[in-house]
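Okay, structure first, notes after.
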Amino acid sequence: MHRQGTMPDSFTSLHAIKACTSLSLVPVGRQIHAHLLTLGLHTHVYVATCLLHLYGASNLFQEALRLFDELPHKNTVTWNTMISACAKSHAPHQARALFDLMPHKNLVSWSAVISAYTQSGHPKQAVRLFREMQLSGLKPDEVSMVNVLTACTHLGALALGRWVHALSRRIGFDPPIVALGTALVDMYAKCGCLSSALQVFERMPRRNVLTWSAMICGQAMHGLGKEALDLFEKMKAMTCLIPNEITFTGVLSACSHAGLVNEGLSHFRSMEEEYCLKPWIQHYGCMVDLLGRAGLLEEAYELVKTMRISPNVIVWGALLAACKTHRNVKLGERVIDHILESKPSHEAMYPLISNIYASAGKWEEAKRVRDLMADGNIKKMPGCSLLEVDNVVHEFVVGEKLHPQIEEIKSMLDEMHKEVRRSGHKPDTSQVLYDIDEEEKEHAVGLHSEKLAIAFGLLSLSPMIPIRIVKNLRMCGDCHVFIKLISEAYNHEIIVRDRRRFHHFKQGSCSCQDYW
Ligand code: ZN
Ligand code: ZN
């Protein structure tokens, strides 16, 4: 049409830009944009909104913003498109600023900002805004429900998640559509309530591969390896759904948590042979972890060396952790060479390396790694634990000072330490990296964030309500023993989700049976 000399109008341009968006053809879209500039059509509100959508979907945030600022007229869809572009580019504060400026907000606007907060790791703000939306009298739709449930999942906020579930039923989303049901299954599983996850799962009239995967991953995280694998078999036998990479993440981690080496190996092979799925780095991570923890260190090392993608620090880290567990310093040092060669920016790696040297008593090497860490300005990610009490999520970091009840919490913790010492437990200080003297080390593990959170939980929750904690890092061995003893001494159920899995502590033992 262009070659024949017919001038496009706003209507034809609009459809041409939409086509570019579906085909991700940004350069062609830019040409059309340039052409529209010469025709003076680029600020036409519908055309401009389509261009914003194209730039937003292609992560060209700055270009979108420039165009947006030029527009003399904007309608609600234009504003919403720009907010979604902010969400996509992980700019939640800009999304919020635009949201606050826009004259007529609708449900889509609220949902877009909530999603911006959720996707960029600000779950607390997402929940707060969801509540504001409710107070404003708007009825949430399924999209905003899914977003706020994702936020609850990050926070481990079970009570809040339950409230959203109840709200969704009141509004009439019952039984839930696939996306909402899947978000509910995922929320319940990751907030430590597997029975509710199963209930939602079983009541769903339709499920897709993500629903099954959420349930399988959930069971794996709770250490129910066999149940997860049974569910996987059921999915293959009863549905015509084809497992994807996420399903296999659940399947392989189920094998890894349950120590099922042969099953793990055969599922890992079937990924490519039966389903033509190329393993992701996470799958390799699971396999290395599985082999490593079973003590098959050489096999794990072989697998890493023959990987078709270059191993990242998580894979090396899993192998290194296995070397530490099985006290194989020789292989550990080979692994460390590989890691240092790749100059990891991953802050978690250096403490692990320093740790393996320290546990072998090689203080000089440990110090060298620590100096490397200091030079590169690499700091250990601080441990952080979340605990929900009366719908408020409390956050604790190691050596917490800011919590309003910190004095009470500390004296409770002292009490707990005394209780535990009476049972003959001595803190395992090999978790502390530095060759500081024993007393100081004892002090540092004594204040790990999950211990503080549990002290607060014991102070504020009735013994009938389990203490549910979400921790951002893997739990250390000392905390694990400590929590087992506390669950018995105070007759209180404690559930901890760490970076890898769930631990259900009850009457002095843990659901992982110390295999984690
Ligand atoms: Zn600890
Ligand atoms: Zn455990």
Open item on the list: If packing is taken as the average number of other Cβ atoms within 10 Å across a peptide's residues, how do 299-309, 103-113 rank, most packed first?
Closed with: 103-113, 299-309
TODO: Note down the accessible area of residue 500, probe 1.4 Å, to the nearest 10 Å².
DONE: 60 Å²
Task: Estimated [θ] at 222 nm from DSSP helical runs (n ≥ 4, -39500 (n - 2.57)) normalised by residues in the chain, nearest 500 - done: -20000 deg cm²/dmol
Task: Cα centroid separation, the stretch 255-309 to the stretch 103-130 (Å) - done: 39 Å
TODO: Determine, from the Cβ-Cβ distance of residue 31 and residue 507 and an R0 of 60 Å, the FRET efficiency 1/(1 + (r/R0)^6), rounded to the nearest 0.05.
DONE: 0.30
- [ ] Would you mind giving the average projected area, over all directions, of the Cα convex hull of the chain in nm² with one decimal?
- [x] 28.6 nm²
Task: Phi-based couplings in Hz for the stretch 77-86 (Karplus 6.51, -1.76, 1.60; Gly and Pro marked x) - done: 5, 4, 4, 4, 5, 5, 5, 5, 4, 4
TODO: Report, to the nearest 10°, how far helix 477-489 tilts away from the longest principal axis of the Cα atoms in the chain, using its own Cα long axis and a range of 0 to 90°.
DONE: 80 degrees
Open item on the list: From the protein chains alone at 1.4 Å, what is the descending order of accessible area for 493, 233, 388, largest first?
Closed with: 233, 493, 388
TODO: Could you tell me what percent of the accessible area of the chain is made up of carbon and sulfur, with a 1.4 Å probe and every protein chain present?
DONE: 54 percent
Open item on the list: Contact order normalised by length for the chain, with contacts defined as Cα pairs under 8 Å and 6 or more residues apart; what percent is it?
Closed with: 8 percent
- [ ] Round to the nearest 10 and report in Å² the accessible area of residue 392, as given by a 1.4 Å probe over the protein chains' heavy atoms.
- [x] 80 Å²
Open item on the list: Given points 7 Å out from each Cα along the Cα-Cβ axis, report the residue 395 to residue 101 separation in nanometres with one decimal.
Closed with: 2.7 nm
TODO: Return one number: the angle in degrees, 0 to 90 and rounded to the nearest 10, between the long axis of the Cα atoms of helix 313-325 and the longest principal axis of the Cα atoms of the chain.
DONE: 10 degrees
Open item on the list: Please give me the summed charge of the neighbours of residue 83: other residues whose Cβ is under 13 Å from its Cβ, Lys and Arg +1, Asp and Glu -1.
Closed with: +3
Open item on the list: Which one, 5, 319, 402, is farthest towards the positive end of the dipole of the chain when Lys and Arg carry +1 and Asp and Glu -1 on their Cβ?
Closed with: 5
Task: Charged-residue dipole, Cβ positions (Lys, Arg, Asp, Glu), the chain about Cα centre, Debye nearest 20 - done: 1040 debye
Open item on the list: Once R0 is set to 25 Å, what does the formula 1/(1 + (r/R0)^6) return for the Cβ-Cβ distance between residue 12 and residue 90, expressed as a FRET efficiency to the nearest 0.05?
Closed with: 0.15
Open item on the list: Using the crude model of +1 on Lys and Arg Cβ and -1 on Asp and Glu Cβ, and no other charge, please compute the dipole size for the stretch 181-231 relative to its Cα centre, in debye to 20.
Closed with: 120 debye
Open item on the list: Skipping prolines and chain starts, which residues have an amide H placed within reach, meaning under 5 Å, of the one on residue 502, given they are 5 or more residues away or on another chain?
Closed with: 222, 223
Task: Inter-probe distance in nm under a simple model that places probes 7 Å from Cα toward Cβ, at residue 206 and residue 459 - done: 5.0 nm
Open item on the list: Can you order the peptides 330-337, 191-198 by their average number of other Cβ atoms within 10 Å per residue, highest first?
Closed with: 191-198, 330-337
Task: Accessible surface, per residue, of the chain when the full set of protein chains is kept, probe 1.4 Å, Å² - done: 48 Å²
TODO: Give the accessible area for residue 284 in Å² (nearest 10); use a 1.4 Å probe, count only protein heavy atoms, and leave out ligands, DNA and RNA.
DONE: 10 Å²
- [ ] Obtain the nm distance between the two label points defined at residue 275 and residue 408 by a simple spin-label model: each point lies 7 Å from its Cα along the Cα-to-C-beta direction.
- [x] 4.9 nm
TODO: May I ask you to compute the full-extension gain from residue 309 to residue 22, defined as 0.36 nm times their residue separation minus their alpha-carbon distance, rounded to one decimal in nm?
DONE: 100.3 nm
Open item on the list: Just to confirm my numbers, what's the Cα centroid distance between the stretch 138-176 and the stretch 51-66 in Å?
Closed with: 30 Å
- [ ] May I ask you to order 249-258, 11-20 by the average number of other C-beta atoms within 10 Å around their residues, highest value first?
- [x] 249-258, 11-20
TODO: Could you compute the FRET efficiency for residue 135 and residue 327, with r as their C-beta to C-beta distance and R0 at 51 Å, rounded to 0.05?
DONE: 0.35
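The values are calculated or read from the model by the stated rules, or taken from the named source; none is laboratory data. Please read all numbers here as calculations on a predicted model, not as lab measurements. Note that each Cβ is placed from the backbone with ideal geometry, even for glycine, and that neighbours are counted across all protein chains shown. What goes into the accessible areas is simple: the full protein's heavy atoms, side chains included, and nothing from ligands, DNA or RNA. Shrake-Rupley method; radii C 1.70, N 1.55, O 1.52, S 1.80 Å.
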